Amino acid sequence: MKQMTRMHRLLLGLLLFAPMWLQAQSPTSPSPNGQLTLEQCLQYALQNQPVLRQARIDEETNEATIRIGLSSWLPQIGLNATGQHYFQLPYTVFPNADGISVPRQIGLKNTSTVALSATQALYNNDVRLALRTARPSRQFYQQNTVGVRIDVVTDVSKAFYDVLLSQRQLDVLKEDIVRLQRSLQDARARYEAGIVDKTDFKQAEILLNNSIVDRKRAVEAINAKSAYLKELMGLTGTQPLVLQYDTIRLMRDAAVDTTVRLEPGNRIEVQRLQTQKALQEAQISYYRLGFLPSLSAFGNYNAVFQNNNFSDLYSRRFPNSYAGLQLSLPIFQGTRRLQNLRRERLVDQRLDQDIIATRNRINTEFEQAMSAYKSNYADYLVGQRNLELSREVYSVVNLQYREGIKTYLDVIIAQTTLRTSQLNYYSALFQVLSSKVDLLRAQGSLPTSY
């Protein structure tokens with residue numbers, strides 16, 4: 001009864017947790033009708049980007065390689081069985097009582113041997129290398145995954161902002177088309193009333209046609225940039241992608257602390273090179289200690305079966321067993337070990353130069369990213385102020401035109417200025433956000449946990 005109750009509980013637990021398990025096994029996908037924020041796009045990309053999945057597979061492959069190398073420290077046990085039949089027994093020579101050598105047959109026709117052998121490495125330079133490189137090798141592939149995550153976050157974030165910029169440009173063009181359509185109607189009405197000549201509404205029609213062409217261009221740009229963003233996210237091309245954003249939050253996120261000093265050690269590129277140095281030091285030590293002997297313990301147990309009649313072969317057993325130590329000492333290898341040691345030391349020196357060059361490159365990247373961010377942020381502040389002014393100017397000029405104070409040329413100039421200010425403002429805003437991503441990456445502080 002207790003056993004049945006335990007089985008019922010087990011089945012109930014499987015039924016309860018099965019949906020959760022299946023959900024955990026299947027890759028997450030964005031809702032077809034939902035809108036995705038930047039954080040959601042990054043979450044999806046970090047789970048489904050093929051390059052990042054490859055990096056995780058590389059980690060698992062390296063872990064298997066480490067375990068293969070460390071397995072040599074464990075006892076190696078083998079079983080070997082043989083069987084043979086003599087059609088003609090071998091001869092050996094024995095001296096008789098007169099000292100004359102007489103050949104005689106020895107052995108039995110049927111022989112079978114079952115041998116159990118075991119070896120244990122006590123010291124071996126190869127297994128020592130596997131033990132010493134296990135930790136830095138594991139760390140190197142983990143750092144490689146972190147580097148891929150940084151690349152994914154950087155590329156997805158900048159592509160996200162690029163799509164948003166095109167969408168906002170499209171919104172500006174739509175607003176401009178609405179204004180131009182209204183202006184065209186007013187200009188045509190004034191012309192038909194005989195107040196102005198036909199040049200006003202002709203100019204309005206030209207501007208409207210140009211804005212319609214720009215709107216078409218913006219729509220196609222959004223499609224192309226959205227496809228690129230879906231590629232970076234690992235999202236199939238058939239799934240729709242609708243982005244969600246908060247302009248106020250984007251304006252707040254545009255600011256970053258520019259007083260933070262650069263620490264090259266925070267960059268994953270330097271950390272990977274330092275891990276490579278640790279692996280190289282282990283390789284140097286491997287060849288430097290290559291003159292040491294290898295020592296292992298072994299033991300064998302043999303069961304021998306012999307009989308002239310095959311049916312009685314396994315009726316009697318003749319066992320033997322033994323154990324011992326094996327020492328292997330390389331004496332002369334044609335200077336191969338010394339040349340290998342020299343080569344690995346040269347590789348180590350090259351890594352030192354790689355670290356110096358990487359630090360210099362990181363410093364340059366940081367200065368360039370900082371300069372770009374400060375310039376873009378200044379453009380953003382100016383663009384924000386220009387947008388406010390151009391809206392105010394357009395409102396006043398448009399009102400004065402309706403009252404007959406300003407000409408239609410003034411309205412066109414005000415409309416063009418407003419449109420340019422809107423496009424420049426949004427371009428500067430999203431350029432600041434993209435340059436902020438580059439700056440955080442250059443600092444080595446770009447968040448990758450989503």
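The values are calculated or read from the model by the stated rules, or taken from the named source; none is laboratory data. What you are looking at is a predicted structure, and each value in this text was computed from that prediction instead of being measured. Cβ coordinates were reconstructed from backbone atoms using ideal geometry, including for glycine residues, and neighbour counts include every protein chain displayed. Just the protein is used for accessible areas: all its heavy atoms, side chains included, with ligands, DNA and RNA removed. Shrake-Rupley method; radii C 1.70, N 1.55, O 1.52, S 1.80 Å.
Among the residues that make up segment 323-330, is at least one of them small (Gly, Ala, Ser) and either under 30 Å from residue 268 (Cβ atoms) or in contact (Cβ under 8 Å) with a residue 60 or more places away in the chain (or both)?
Checked segment 323-330: no residue is small (Gly, Ala, Ser) and either under 30 Å from residue 268 (Cβ atoms) or in contact (Cβ under 8 Å) with a residue 60 or more places away in the chain (or both).
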For this session: Working carefully through the options 331, 356, find the one that is modelled with pLDDT of 95 or more and β-branched (Val, Ile, Thr).
Result: 356
Seminar exercise, completed: Of the residues in segment 333-363, those that are part of a loop (DSSP other than H, G, I, E, B) and open to solvent by 50 Å² or more (accessible area, probe 1.4 Å) come to 333, 335
Seminar exercise, completed: From the option list 193, 224, single residue qualifying as modelled with pLDDT under 85 and either over 18 Å from residue 35 (Cα atoms) or open to solvent by 70 Å² or more (accessible area, probe 1.4 Å) (or both) is 193
Seminar exercise, completed: Residue pairs qualifying under the 8 Å Cβ cut-off, at least six apart or on distinct chains, with the first in segment 173-196 being farther than 20 Å from residue 421 by Cβ and the second being open to solvent by 50 Å² or more (accessible area, probe 1.4 Å) and part of a helix (DSSP H, G or I), are 184/205; 186/402; 187/203
Exercise. So is residue 417 assigned to a helix (DSSP H, G or I) and within 28 Å of residue 170 (Cβ to Cβ) or not?
Worked result: yes
Exercise. Among (1) of a type in the set (A, V, I, L, M); (2) over 30 Å from residue 445 (Cβ atoms); (3) in a helix (DSSP H, G or I); (4) modelled with pLDDT of 95 or more, which single condition is residue 297 missing?
Worked result: (3)
Problem set entry | Evaluation of residue 287 against (1) within 25 Å of residue 131 (Cα to Cα); (2) assigned to a strand (DSSP E or B); (3) open to solvent by less than 50 Å² (accessible area, probe 1.4 Å); (4) of a type in the set (Phe, Trp, Tyr) (one fails), failing number | (2)
Exercise. Pick from 163, 148, 153: which is surrounded by 17 or more Cβ atoms within 10 Å (Cβ to Cβ), in contact (Cβ under 8 Å) with a residue 40 or more places away in the chain and in contact with a Lys or Arg (Cβ under 7 Å, 6 or more places away or on another chain)?
Worked result: 163
Exercise. Is it fair to say residue 126 is more than 27 Å from residue 288 (Cβ to Cβ), among the charged types (D, E, K, R) and surrounded by 11 or more Cβ atoms within 10 Å (Cβ to Cβ)?
Worked result: no
For this session: Look at residue 159 and say whether it is modelled with pLDDT of 90 or more and out of contact with any helix residue (DSSP H, G or I) (no Cβ under 6 Å at 6 or more places or on another chain).
Result: no
Problem set entry | Given (1) in a helix (DSSP H, G or I); (2) farther than 30 Å from residue 145 by Cα; (3) not polar (S, T, N, Q), number of the condition residue 406 does not satisfy | (1)
Exercise. Quick check: anything in segment 131-148 outside any strand (DSSP E or B), among the aliphatic types (A, V, I, L, M) and closer than 30 Å to residue 369 by Cα?
Worked result: yes
Problem set entry | Filtered residues of segment 226-249 (kept if in contact (Cβ under 8 Å) with a residue 60 or more places away in the chain, closer than 11 Å to residue 163 by Cα and not in a loop (DSSP other than H, G, I, E, B)) | 226, 228, 229, 243
For this session: Could you tell me which residue of segment 77-113 is most open to solvent (accessible area, probe 1.4 Å), considering only residues that are touching a Ser or Thr at 6+ places or on another chain (Cβ under 8 Å) and farther than 25 Å from residue 312 by Cα?
Result: 77
Problem set entry | Output for segment 298-332, where each listed residue is within 51 Å of the chain's Cα centre (by Cα), farther than 17 Å from residue 79 by Cα and open to solvent by less than 40 Å² (accessible area, probe 1.4 Å) | 324
Exercise. What pairs come up if the first residue lies in segment 51-68 and is closer than 11 Å to residue 137 by Cα, the second is among the small types (Gly, Ala, Ser) and in a helix (DSSP H, G or I), and their beta carbons are under 7 Å apart, counting only those six or more places apart or on different chains?
Worked result: 62/137; 66/134; 66/137
Problem set entry | segment 401-426, residues that are at pLDDT below 85 and open to solvent by less than 40 Å² (accessible area, probe 1.4 Å) | 401, 408, 411, 412
Exercise. If you scan segment 69-126, which residues turn out to be more than 16 Å from residue 326 (Cα to Cα), of a type in the set (A, V, I, L, M, F, W, C) and not in a strand (DSSP E or B)?
Worked result: 70, 74, 87, 89, 97, 100, 106, 108
